[in-house]
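Read through the structure below, which is laid out as structure tokens, and then see the notes.
The values are calculated or read from the model by the stated rules, or taken from the named source; none is laboratory data. Computed from a prediction, not measured in an experiment: that's the story for all the values here. Backbone-built Cβ (ideal geometry, glycine too); neighbour counts: all protein chains shown. What goes into the accessible areas is simple: the full protein's heavy atoms, side chains included, and nothing from ligands, DNA or RNA. Shrake-Rupley method; radii C 1.70, N 1.55, O 1.52, S 1.80 Å.
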Number of protein chains: 2
Amino acid sequence: MAIIRYKNNPIITMKDIKPSREDFEVIGVFNPGVAKFKDEYILLLRVAERPVNNDPSYHRVGYYDEGINSIVIEELKKDKNKLYDPRVVNHADKSYLTSVSHFRAARSKDGYNFTIDDKPTISPTNIYESYGIEDARITEIDGIYYINYSSASCLGITTSLASTNDFISFKREGIIFCPDNKDVAIFPEKIDGKYYALHRPSSSSFGKPEMWIAESPDLMCWGNHRHLAGLMEDSWDSGRIGAGAVPFKTQYGWVEIYHGATADDRYCLGIMLLDLKKPWVVIARSEVPLIKPEASYEKNGFLGNVIFACGAVAEGENIKLYYGAADESVACIDLNLSDVLENIVITQKVT
Amino acid sequence: MAIIRYKNNPIITMKDIKPSREDFEVIGVFNPGVAKFKDEYILLLRVAERPVNNDPSYHRVGYYDEGINSIVIEELKKDKNKLYDPRVVNHADKSYLTSVSHFRAARSKDGYNFTIDDKPTISPTNIYESYGIEDARITEIDGIYYINYSSASCLGITTSLASTNDFISFKREGIIFCPDNKDVAIFPEKIDGKYYALHRPSSSSFGKPEMWIAESPDLMCWGNHRHLAGLMEDSWDSGRIGAGAVPFKTQYGWVEIYHGATADDRYCLGIMLLDLKKPWVVIARSEVPLIKPEASYEKNGFLGNVIFACGAVAEGENIKLYYGAADESVACIDLNLSDVLENIVITQKVT
């Protein structure tokens, strides 16, 4: 199949985003959560910002301080002899992110041309979110839109839940997956009386960054964890995998657009087909990426060679997929379900 | 307060344990889960075994193989130039534990003299348990005894749940905390309609090995995770902390006997007092250890300077505490509640 990128990609870049405060600059807008709300496409954009810094001998890092309920800026003298990761500053005994992220809503009638909120739509507001909130996934269940996202802080990376029915006011529900866990995607309906979610726990012992599935009676408490899918040796998804878009239902099974990366951090997207009634059973999985970094805005950017999706709108045969490109901008691809299913190989009979 | 160890400590040593098979040797019996069942004290002992090895140029490791539903033995050529951790063998791309653990029930009328099952009472039986099952905690709720334990495998360290009402047959309930998570202790009753558990997630990013608390409607699914207690700088519990015994209720609050270790792995026990109605609020906490390694069987052994508790029987003012000593044997201390509470300092007013 041919992947035809939307002609005006990227559809949103950092130039389109007003910083949340005058002394901040936007360094990326990417990894949007996606919903169809009434007749509009809604994106919850991850906006990464950092304090403007005119002195290269210092790091200037911003983080949310619960004591004063605001983002504060800290200045840290750089060590000339040290190489720094573009994402993390390790200083003395503490780690900081080089940017702090919040969510900005973008709305569109046609799915390509978006009007973006001038101000943050959801901002860090508790200690678990002090390093920022990242990578929203939106699941509609019975008219309520549940938003799960990574909340980063010195306590680790947790997955938090919020909900809304209007995308104007949002209710924080609490932490649904404890550290470290990210790339959570909640299925849009109960299966045999239970909610299900894909998740990607972190193991500092023997485990690898692989996909698990959990069940829940109430969307808040999750258990009966099962390992769903592992890394594929010598493949495009040999380094780490995690849920991408919220799964959507087809007659063939649940379609999960997931991300896979190699050890050298090339992030591609592939497909998993999960059994409709037993979503912990993988029926089929991409042997080759569905989408790999090829366009210049995917190959070059804050983190080049990265394609990372958090959501898609699936309507009949049409799938409108949104993704972060190079941790810097937002792009869109219109896919056809039959084309997508061509990409996968039946790995296991439905039992 | 004076800590008086039981005069015949350690009460159980590896000499008391029959290996589960002829080609295995027991290298430790420690960290017992504890329950009072009818008129008996019951311990679920962690029995660590390894294949007998007569060739020091090889590692011989045992692990559960789901395909053949049995423990298998693998021989791995040692690298002469490599230093090996006594607990873990890293070979090629894979990690193995040097021992594989199962649970053995021990029963006693007086709490000191135990009759120990000849054969494993609970053994590894699924892929999540392939490296063994460790450190049981037993919580009685309405006549059912819930046993949570660490299940180790190449997928990581998870916490699994089993249940019994007779300590003869056991039902596996599934995984309640995903990788990596251990040191889980479930409260023995609902608080304001919810179950609660202490847990110790692992963070490979910014978090430290600290104690969290979660809630559940059904003991299987857990959420609304909150950070409960952190490390104390320059203290006995500056390296890692985690739940020890199952919390027990007193008029002053829930008493949690927890473990704290320094960076150089000296494990001591201390006390946390948690608010009766809001168990996520720490009222008081040990500034100095309640019990530190002092006896020879605590200072010397498979891992010297380790005291590690998974359970206690609290009846009125009397607390019978069982603990693993030096990852090798089981010891007992009779404590008095007033003495224990002397050890703690009020850190926070109840709100």
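Output the residue which, of all residues in the range B:30-52 that are more than 30 Å from residue B:316 (Cα to Cα) and touching a residue at least 40 places away in the same chain (Cβ under 8 Å), is most open to solvent (accessible area, probe 1.4 Å). Taking the candidates together, the pick is B:50. Kindly evaluate residue B:148 against the criterion of being without any contact (Cβ under 8 Å) to a residue 12 or more places away in the chain and assigned to a strand (DSSP E or B). The answer is no for residue B:148. Of the candidates B:324, B:311, B:304, the single residue that is open to solvent by 10 Å² or more (accessible area, probe 1.4 Å) and either at negative phi or assigned to a strand (DSSP E or B) (or both) is B:304. Just the residues that are under 19 Å from residue A:159 (Cα atoms) and open to solvent by less than 30 Å² (accessible area, probe 1.4 Å), please, taken from the range B:221-251. Result: B:221, B:222, B:223, B:225, B:228. What residue, of A:294, A:210, is open to solvent by 10 Å² or more (accessible area, probe 1.4 Å) and under 30 Å from residue B:221 (Cβ atoms)? The conditions single out A:210. Go through the residues of the range B:95-118 one by one and say whether even a single one is closer than 28 Å to residue B:333 by Cβ, in a strand (DSSP E or B), within 14 Å of chain A (Cβ to nearest Cβ) and open to solvent by less than 30 Å² (accessible area, probe 1.4 Å). Looking through the range B:95-118, none of the residues is closer than 28 Å to residue B:333 by Cβ, in a strand (DSSP E or B), within 14 Å of chain A (Cβ to nearest Cβ) and open to solvent by less than 30 Å² (accessible area, probe 1.4 Å). Considering only residues in the range A:122-137 that are within 15 Å of residue A:171 (Cβ to Cβ) and part of a strand (DSSP E or B), the one that is nearest to the other protein chains (Cβ to nearest Cβ) turns out to be A:133.
Restricting attention to the range A:53-74, the residues being open to solvent by less than 50 Å² (accessible area, probe 1.4 Å) and either assigned to a loop (DSSP other than H, G, I, E, B) or of a type in the set (Lys, Arg) (or both) number 1.
Residues are listed down the side, and each one gets a yes or a no for (1) within 14 Å of another protein chain (Cβ to nearest Cβ); (2) open to solvent by 10 Å² or more (accessible area, probe 1.4 Å):
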site: A:139; (1), (2): no, no
site: A:143; (1), (2): no, yes
site: A:152; (1), (2): yes, no
site: A:158; (1), (2): yes, no
site: A:166; (1), (2): no, yes
site: A:179; (1), (2): yes, no
site: A:182; (1), (2): yes, yes
site: A:187; (1), (2): no, no
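On inspection, residue B:330 fails the criterion of being open to solvent by less than 10 Å² (accessible area, probe 1.4 Å), in a helix (DSSP H, G or I) and β-branched (Val, Ile, Thr).
Screening the candidates B:207, B:223 for the property of being closer than 21 Å to residue A:127 by Cα, of a type in the set (Gly, Ala, Ser) and touching a Cys at 6+ places or on another chain (Cβ under 6 Å) yields one hit, B:223.
Screening residue A:22 against (1) of a type outside the set (Phe, Trp, Tyr); (2) surrounded by 17 or more Cβ atoms within 10 Å (Cβ to Cβ); (3) more than 21 Å from the chain's Cα centre (by Cα); (4) assigned to a loop (DSSP other than H, G, I, E, B) leaves a single unmet condition, (2). Quick one: would you say residue B:113 is out of contact with any strand residue (DSSP E or B) (no Cβ under 6 Å at 6 or more places or on another chain), at pLDDT 90 or above, within 18 Å of residue B:23 (Cα to Cα) and not β-branched (Val, Ile, Thr)? Answer is no for this residue. For the criterion of being open to solvent by less than 20 Å² (accessible area, probe 1.4 Å), in contact (Cβ under 8 Å) with a residue 24 or more places away in the chain, out of contact with any strand residue (DSSP E or B) (no Cβ under 7 Å at 6 or more places or on another chain) and not charged (D, E, K, R), residue A:262 fails.
Go through the range A:75-92 and count every residue that is within 30 Å of residue A:246 (Cβ to Cβ), touching a strand residue (DSSP E or B) at 6+ places or on another chain (Cβ under 8 Å) and open to solvent by 50 Å² or more (accessible area, probe 1.4 Å). Outline the logic, then answer.
At the first step, the residues of the range A:75-92 found to be within 30 Å of residue A:246 (Cβ to Cβ) are A:85-88.
Those still in the list that are touching a strand residue (DSSP E or B) at 6+ places or on another chain (Cβ under 8 Å) too: A:87-88.
Then keep just the ones that are open to solvent by 50 Å² or more (accessible area, probe 1.4 Å); that gives A:87.
Result for the range A:75-92: 1.
Tell me the residue from A:288, A:281, A:255 that is buried (at least 22 other Cβ atoms within 10 Å of the Cβ) and of a type outside the set (Asp, Glu), please.
Details: A:288 fails: buried (at least 22 other Cβ atoms within 10 Å of the Cβ); A:281 fails: buried (at least 22 other Cβ atoms within 10 Å of the Cβ).
When all the criteria are applied, what remains is A:255.
Screening the range A:191-259 for strands (runs of 3 or more DSSP E) wholly inside it with 2 or more residues that are within 11 Å of chain B (Cβ to nearest Cβ) returns the ranges A:195-201, A:211-216, A:221-229.
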